[in-house]
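Enquirer: Dropping the structure in here first, questions after.
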Amino acid sequence: MPRRNRVTPLSDLVADPARGLVYGNRGCLHDADGRIRRRYAGRRWIACRLRFKDWRRGALLQPGRFTELFFLDEATALAAGHRPCALCRRADYDRFGALWAALHPGERGADAIDAHLHAERVAPGRGQRHHDAAVDDLPDGAFVLRDGVPWLVRDGELRRWSPGGYRDRVARPAGERATVVTPPSLVGVLRAGWHGDADVPLLHPSAG
């Protein structure tokens, strides 16, 4: 039976048998029986490699340990509010930090980044915070909402997200505004040309 540890662009945790390409965590979210009890624990939300050196992952959802989360791709992780891990993705983290410092002068280090991101991704009541922007101005890799469903911005199209990949395609609506899922600072990072290591793909192959 699938565990409830797949993360959607809306930051929700769902149970789905499809496999993701990106690993991560946001603290211990489960109880001693492995049941998810909270959306997050702390501000350190990270996106990681599926494999790192010779580390071997033990049983999932162990009591008192962080909850192992899985994402379709890094665009999904960014939309949910996660940033590159400083341990298993050190080179990516350093590049991300440089882009962040250019967007937010004076903000350096994981604590400053995570505090800023937390204000952008979490709304009062602990739900996901969304933003408004012109669709024409959004970079590839950002997500918007259409009828409550997350869609990826990709070239001149929008592509509907699903746990197993991107499905329907529609033309990007010109001259319209949209509800943006990806936090504004991470939209800025994408606009600056973000692309991590090949082991952590920005986009699932189904994105084209």
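Enquirer: Points 7 angstrom from Cα along the Cβ direction at Arg39 and Arg19: gap in nanometres?
Expert: A separation of 3.0 nm, rounded to one decimal place.
Enquirer: I would also like to ask the following. If I model the chain as equal point scatterers sitting on the Cα atoms and use the Debye formula, what is log10 I(q)/I(0) at q = 0.08, 0.13, 0.16, 0.19 Å⁻¹?
Expert: -0.25, -0.68, -1.06, -1.51
Enquirer: Taking the 0 to 90 degree range and rounding to the nearest ten, how far is the long axis of helix 90-103 tilted relative to the main principal axis of the chain, both from C-alpha atoms?
Expert: Helix 90-103 sits at roughly 40 degrees to that axis.
Enquirer: Ordered by residue, what ³J(HN,Hα) values in Hz, to whole numbers, does region 142-157 give under the Karplus form 6.51 cos²θ - 1.76 cosθ + 1.60, where θ = phi - 60° and Gly and Pro are x?
Expert: Values per residue, Gly and Pro as x: 7, 10, 10, 9, 9, 6, x, 10, x, 10, 7, 7, 8, 6, x, 10 Hz.
Enquirer: Note the full-extension length gain between Ala134 and Val170 as 0.36 nm times their separation in residues minus their Cα-Cα distance, in nm to one decimal.
Expert: 11.3 nm
Enquirer: While we're here: Considering only protein heavy atoms and a probe of 1.4 Å, how much of the accessible area of region 1-160 is carbon and sulfur, as a whole percent?
Expert: 50
Enquirer: If you average 1/r across every pair of different Cα atoms in region 132-174 and take the reciprocal, what Kirkwood value do you get, in Å? Let's see the in-between values first.
Expert: On the way: mean 1/r = 0.0964 Å⁻¹.
Evaluated over region 132-174, this radius sits at 10.4 Å.
Enquirer: Continuing with this model, one more query. Measure off 7 Å from each Cα along the Cα-to-Cβ vector at Ala98 and Ala32, then give the distance between these two points in nanometres to one decimal.
Expert: Once both label points are built, they end up 4.9 nm from each other.
Enquirer: Does anyone have the angle between helix 110-121 and the longest principal axis of the chain? Alpha-carbon axes, 0 to 90°, nearest 10?
Expert: For 110-121 against the chain, the angle is about 60 degrees.
Enquirer: In Å², and per residue, what accessible area does the chain have when probed at 1.4 Å with the other protein chains present?
Expert: Roughly 48 Å² per residue, with all protein chains present.
Enquirer: For a Förster distance of 35 Å, can you work out the FRET efficiency between the beta-carbons of Ala123 and Asp54, rounded to the nearest 0.05?
Expert: Efficiency computed from Cβ-Cβ geometry: 0.30.
Enquirer: Over all distinct Cα pairs, what is the inverse of the mean 1/r for region 130-208, reported as the Kirkwood hydrodynamic radius in Å?
Expert: 12.8 Å is the Kirkwood radius here.
Enquirer: Can you tell me the order of 172-184, 130-142 when each peptide is scored by its average per-residue count of other Cβ atoms within 10 angstrom, highest first?
Expert: Descending mean neighbour count gives 172-184, 130-142.
Enquirer: Can you pull the Rg over Rh of region 1-99, Cα-only, Kirkwood? Each step should come with its number before you reach the end.
Expert: Details: Rg = 13.0 Å, Rh = 13.7 Å.
Here the Rg-to-Rh quotient is 0.95.
Enquirer: Right, another one. Sort 64-77, 27-40, 149-162 for me by packing, meaning the mean count of neighbouring Cβ atoms within 10 Å per residue, highest on top.
Expert: So the order, starting with the most tightly packed, is 64-77, 149-162, 27-40.
Enquirer: As an exercise, use a Förster radius of 22 Å and the Cβ-Cβ distance of Asp155 and Arg177 to find the FRET efficiency, rounded to the nearest 0.05.
Expert: According to the calculation, E is roughly 0.65.
Enquirer: Amide H of Glu157 versus every other amide H placed in the peptide plane: which residues, excluding those fewer than 5 positions away on the same chain, fall under 5 Å?
Expert: Sorted by chain and number, the residues that satisfy this are Arg172.
Enquirer: Over region 166-208, consider all pairs of different Cα atoms and compute the Kirkwood hydrodynamic radius from their mean reciprocal separation; express it in Å, one decimal.
Expert: In region 166-208 this quantity evaluates to 12.9 Å.
Enquirer: Also, quick follow-up: Quick one: putting +1 on the C-beta of Lys and Arg, -1 on the C-beta of Asp and Glu, what dipole do you get for region 11-137 around its Cα centre, in Debye to the nearest 20?
Expert: On the way: 22 positive and 17 negative charges, 137 e Å.
With Lys and Arg at +1 and Asp and Glu at -1, about 660 debye.
The values are calculated or read from the model by the stated rules, or taken from the named source; none is laboratory data. Owing to the predicted nature of the structure, the values given are computational and were not obtained by experimental measurement. Don't worry about glycine lacking a Cβ; one is built from the backbone with ideal geometry, like all the others, and counts go over all protein chains shown. Calculation scope for accessible area: heavy atoms of the full protein, side chains included, ligands and nucleic acids excluded. Shrake-Rupley method; radii C 1.70, N 1.55, O 1.52, S 1.80 Å.
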